[in-house]
Structures are given as structure tokens and as C-alpha cells.
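S.K.: Next up is a structure, given as C-alpha cells.
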């Protein structure tokens with residue numbers, strides 16, 4: 001496998017945020033948006049729809065898949081509005097189906113424009129979160145870009161000060 005550059009020379013940095021249902025995800029989204037605004041970069045949003053095992057009619061499975069897709073599109077529209085409010089530009093949007101880990105690593109490896117992955121660490125006693133833990137321990141050697149892990153407890157004022 002050949003190594004790809006983190007980004008093309010002169011191209012804007014692209015800050016990738018995984019849009020999930022965690023309470024800290026908006027912190028990563030806001031931080032990435034602020035960094036993009038301050039550096040002339042862009043934001044990319046990734047939402048992964050889990051593949052559901054179906055044990056019934058194909059028509060029911062297709063309906064469930066379509067509903068999940070519509071929900072993801074509505075969520076991404078809301079997240080895109082946040083990015084536009086902060087940066088003034090429309091984010092790149094990726095809606096993929098499968099495992100979050102696999103789809104994230106695949107997207108990073110397939111899209112040479114992505115420069116930085118921004119995640120927020122969990123704020124509970126369970127630790128930083130499963131994706132942060134996985135990437136920092138098992139997958140860090142397979143990434144071609146840096147990861148920025150933002151404390152999930154940061155306020156907007158704190159992020160404004162450091163971004």
C-alpha cells in the first residue's frame with residue numbers, strides 16, 4: 001500500500017468529525033469548526049449507519065434501511081447548519097453504512113483531502129469512549145493523519161480561547 005500525503009500542498013485542511021449520538025460529539029464539531037474557520041480549512045462530517053441483521057422480509061429490511069438513511073440525512077443537515085454558522089462554508093458530508101471503525105479508517109485512507117480527525121473524549125467515568133480508545137491504542141499505527149482529542153467537558157468559551 002502506498003502512502004498518501006495528509007493533504008495536497010496548498011489545499012485547505014479538512015477537519016473530519018464523526019457524528020454519533022454521544023453527548024460530547026457537539027464539542028468535537030464546534031472545535032473542528034473553529035479550527036477550520038481560523039486556519040482557512042473545511043469541515044467534513046461522517047455518519048455511519050450500522051448494518052442491521054435482518055431476519056424477516058426483504059421489504060421490511062429495505063424500509064428500515066431507508067428510515068435510517070433519512071434519519072442520518074436529517075441529523076447531518078442539523079450538524080451542517082452548526083458548521084455553516086461558525087465557518088460560513090458548507091461541510092463535506094459522508095453517510096456510510098457498516099462498522100464505524102471500518103468506515104472511518106476506510107474514508108481516511110480513501111480521501112487524501114482529509115487532514116485531521118477531531119474527536120471529543122467522553123466525560124463520564126467510563127473513559128474517553130470506545131472510538132477514542134480504539135484509535136489511540138489499536139489503530140493509531142494505521143492512520144495517515146493526526147487525531148485531535150478534545151476534552152468533552154470544554155465550554156464554547158474555552159474552545160474559542162484555544163482554537
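S.K.: Kindly express, to the nearest 10 degrees and within the range 0 to 90, the angle between helix 25-39's C-alpha long axis and the longest C-alpha principal axis of the chain.
M.R.: 40
S.K.: If you don't mind, there's one more thing I want to ask. In degrees, nearest 10, range 0 to 90: what is the angle between the Cα axis of helix 58-87 and the longest Cα principal axis of the chain?
M.R.: With rounding to tens, the tilt is 10 degrees.
S.K.: Please pull out the direction-averaged projected area of the chain, using the convex hull of its alpha-carbon atoms, in nm² to one decimal place.
M.R.: Average of the hull's projected areas for the chain equals 11.0 nm².
S.K.: For the range 139-163, list residues with backbone N below 17 Å from a point placed 7 Å from the Cα of residue 111 toward its Cβ?
M.R.: Residues 143-148 qualify, since their backbone N sits under 17 Å from the label point.
S.K.: Moving to a separate point now. Gaussian network model of the chain, Cα springs within a sub-10 Å range: biggest mean-square fluctuation belongs to which of 57, 29, 45?
M.R.: Per the Cα network of the chain with a 10 Å cutoff, 57 tops the list.
S.K.: Among 80, 72, 139, determine the one that fluctuates most according to a GNM of the chain built with springs between C-alpha atoms less than 10 Å apart.
M.R.: Maximum fluctuation in the GNM of the chain, among the listed residues, is at 139.
S.K.: Also, I was wondering about something else. Label points 7 Å out from Cα along the Cβ direction at residue 71 and residue 153: separation in nm?
M.R.: That separation, rounded to one decimal, is 3.1 nm.
S.K.: Related question: Between 30, 134, 94, find the one with the highest GNM mean-square fluctuation for the chain; connect C-alpha pairs within less than 10 Å.
M.R.: Per the Cα network of the chain with a 10 Å cutoff, 134 tops the list.
S.K.: Another one. With the convex hull built on the Cα atoms of the range 20-64, state its orientation-averaged projected area in nm².
M.R.: Working: hull surface 17.8 nm².
One quarter of the hull surface, i.e. the mean projection, equals 4.5 nm².
S.K.: Can you tell me the equivalent ellipsoid semi-axes for the range 104-163? Use √(5λ) from the Cα gyration tensor, largest first, whole Å. Display every interim value, and only then the final one.
M.R.: Values: eigenvalues 103, 53, 11 Å².
Over the Cα atoms of the range 104-163, the semi-axes work out to 23, 16, 7 Å.
S.K.: Here's another thing I want to ask about it. Under a crude label model (7 Å from the Cα following the beta-carbon direction), how far is residue 138 from residue 49 in nanometres?
M.R.: 2.5
S.K.: Can I ask one more? Given labels modelled 7 Å from the Cα in the Cβ direction, how far is it in nm from residue 126 to residue 11?
M.R.: Roughly 3.5 nm, to one decimal.
S.K.: Moving on to the next point. Calculate how steeply helix 100-110 sits against the longest principal axis of the alpha-carbon atoms of the chain, using the helix alpha-carbon long axis, and give the answer as 0 to 90 degrees to the nearest 10.
M.R.: It is inclined by approximately 60 degrees.
Each value in this text was obtained by applying a stated rule to the coordinates, not by laboratory testing. Everything numeric here is computed off the predicted structure, so don't read it as measured data. Neighbour counts are summed over all protein chains in view; Cβ atoms, including those assigned to glycine, are modelled from backbone coordinates with ideal geometry.
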